[in-house]
Amino acid sequence: MPAQIGYFDTLKSVAGKVFTYLASITLTGTDGKTITVTQDTALDEAVAMSSKAPKASPVFTETLTAQAATLTPGTTIITNGDMELDANWASEGTPTVNERSTTQVHTLTYSRKFTVDAASEGIRQTGISLTGGHVYKATVWIYGDGSNSADMYFYSAAGGTYYKSGGANAVIYPASWTKVEWMFLVSASAADFKFAIISGPGMTGGTWYVDDVSLTEFPLTVSGDMYLTGNARVVIPTFANNAAAIAGGLLPGQFYRVNAATDPEPLYIVH
């Protein structure tokens, strides 16, 4: 039999009426053989009983450590987001320039430059597949000219849905590298999403440089409790009913709303 360790709360009498406290013994032996008990003398307390103070009850201390939630997005869905290849970025509308550039670079060797002479012109990437009920985080580094505005958005013709970075208004980006990030929840799955960066309404000119574009998918791998504080918010997709939510790509256990004119408005769980 393999060596075993046993713990005994007992006292052993030794010469001179002194006691040894056996905190641990080791049992060793072989199958079919006699077990030998060996004392671990390193744990002896050979003190006369009359002078030995009683042992205090053991005290256990515990440290409670709050574990922060670990958010783990997936890999980027955008192709050639670092702009190192002269590919994957077609013209949206008819920009006068759409090219790889070394004039202004955020990281590595190249960025993507586009120049326009009208509104709604720029660059795009198409054929992006997004899943309904999932949250995505977009990140773009952009270098503007400080006077002309630009829009960034994801759009699905099948769903007729826009997910814009600047809300309702286009944004004037300065002549320096600016990081733009936003998160959005996709209401319905589609494989025809387009990501575009274009000149804003009323623009008759402008030049922008774009670099380090990424789109990462959540749901997240969350370790520990996650709390929303400050200005954080959760956007809940709207569906007519449970069947519509499933058709839109939601999974059992996920939430949806029906946009009912009630206060408070109830949430529903996909089943």
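The values are calculated or read from the model by the stated rules, or taken from the named source; none is laboratory data. This is a predicted model, so every value here is computed, not measured. Cβ placement follows ideal geometry from the backbone for every residue including glycine, while neighbour counts extend to all protein chains displayed.
Identify, by number, the condition in (1) surrounded by fewer than 16 Cβ atoms within 10 Å (Cβ to Cβ); (2) of a type outside the set (Phe, Trp, Tyr); (3) outside any strand (DSSP E or B); (4) touching a residue at least 60 places away in the same chain (Cβ under 8 Å) that residue 86 doesn't meet.
Residue 86 satisfies every listed condition except (4).
Kindly evaluate residue 92 against the criterion of being modelled with pLDDT of 95 or more, of a type in the set (D, E, K, R), crowded, with 17+ Cβ neighbours inside 10 Å and more than 21 Å from residue 174 (Cα to Cα). Can you show your working first?
On the way: modelled with pLDDT of 95 or more: yes; of a type in the set (D, E, K, R): yes; crowded, with 17+ Cβ neighbours inside 10 Å: yes; more than 21 Å from residue 174 (Cα to Cα): yes.
Against the criterion (modelled with pLDDT of 95 or more, of a type in the set (D, E, K, R), crowded, with 17+ Cβ neighbours inside 10 Å and more than 21 Å from residue 174 (Cα to Cα)), residue 92 qualifies.
Within region 175-196, count every residue that is of a type outside the set (Gly, Ala, Ser), in contact (Cβ under 8 Å) with a residue 60 or more places away in the chain and either under 30 Å from residue 247 (Cβ atoms) or in contact with an Asp or Glu (Cβ under 7 Å, 6 or more places away or on another chain) (or both). Before the answer, list the steps.
Here is the first cut: in region 175-196, the ones of a type outside the set (Gly, Ala, Ser) are 177-186, 192-195.
Imposing the further condition that a residue be in contact (Cβ under 8 Å) with a residue 60 or more places away in the chain reduces the set to 177, 186, 192-195.
Remaining after also requiring either under 30 Å from residue 247 (Cβ atoms) or in contact with an Asp or Glu (Cβ under 7 Å, 6 or more places away or on another chain) (or both): 186, 192-195.
So the answer is 5.
Among the residues of region 118-130, count how many are over 27 Å from residue 176 (Cα atoms) and either outside the structural domain of residue 165 (by TED's automatic domain parsing) or crowded, with 18+ Cβ neighbours inside 10 Å (or both).
Qualifying residue count, region 118-130: 2.
Give me a count of the residues in region 198-243 that are under 25 Å from residue 170 (Cα atoms), among the small types (Gly, Ala, Ser) and either at pLDDT 60 or above or touching a strand residue (DSSP E or B) at 6+ places or on another chain (Cβ under 7 Å) (or both). Outline the logic, then answer.
If we filter region 198-243 for residues that are under 25 Å from residue 170 (Cα atoms), which is where we start, we get 198-217, 231-237.
Filter again for among the small types (Gly, Ala, Ser), leaving 199-200, 202, 205-206, 214, 232.
From what is left, the residues that are either at pLDDT 60 or above or touching a strand residue (DSSP E or B) at 6+ places or on another chain (Cβ under 7 Å) (or both) are 199-200, 202, 205-206, 214.
Of the residues in that region, 6 qualify.
Say we look at region 175-197 and pick out the residues that are assigned to a loop (DSSP other than H, G, I, E, B) and modelled with pLDDT of 90 or more; which of these is farthest from the chain's Cα centre (by Cα)?
Per the stated criteria, the residue is 175.
Inspect all residues belonging to region 175-187 and state whether any of them is surrounded by 19 or more Cβ atoms within 10 Å (Cβ to Cβ), under 21 Å from residue 259 (Cα atoms) and of a type in the set (Gly, Ala, Ser). Walk me through how you get there before you give the answer.
Start the filter on region 175-187 by keeping residues that are surrounded by 19 or more Cβ atoms within 10 Å (Cβ to Cβ), which leaves 184, 186-187.
Imposing the further condition that a residue be under 21 Å from residue 259 (Cα atoms) reduces the set to 184, 186-187.
Now narrow it down to the ones that are of a type in the set (Gly, Ala, Ser): 187.
The answer is yes; a qualifying residue exists.
Has region 142-149 got any residue that is exposed (fewer than 13 other Cβ atoms within 10 Å of the Cβ), hydroxyl-bearing (Ser, Thr, Tyr), within 22 Å of residue 81 (Cα to Cα) and at pLDDT 85 or above?
So far as region 142-149 goes, no, none of its residues is exposed (fewer than 13 other Cβ atoms within 10 Å of the Cβ), hydroxyl-bearing (Ser, Thr, Tyr), within 22 Å of residue 81 (Cα to Cα) and at pLDDT 85 or above.
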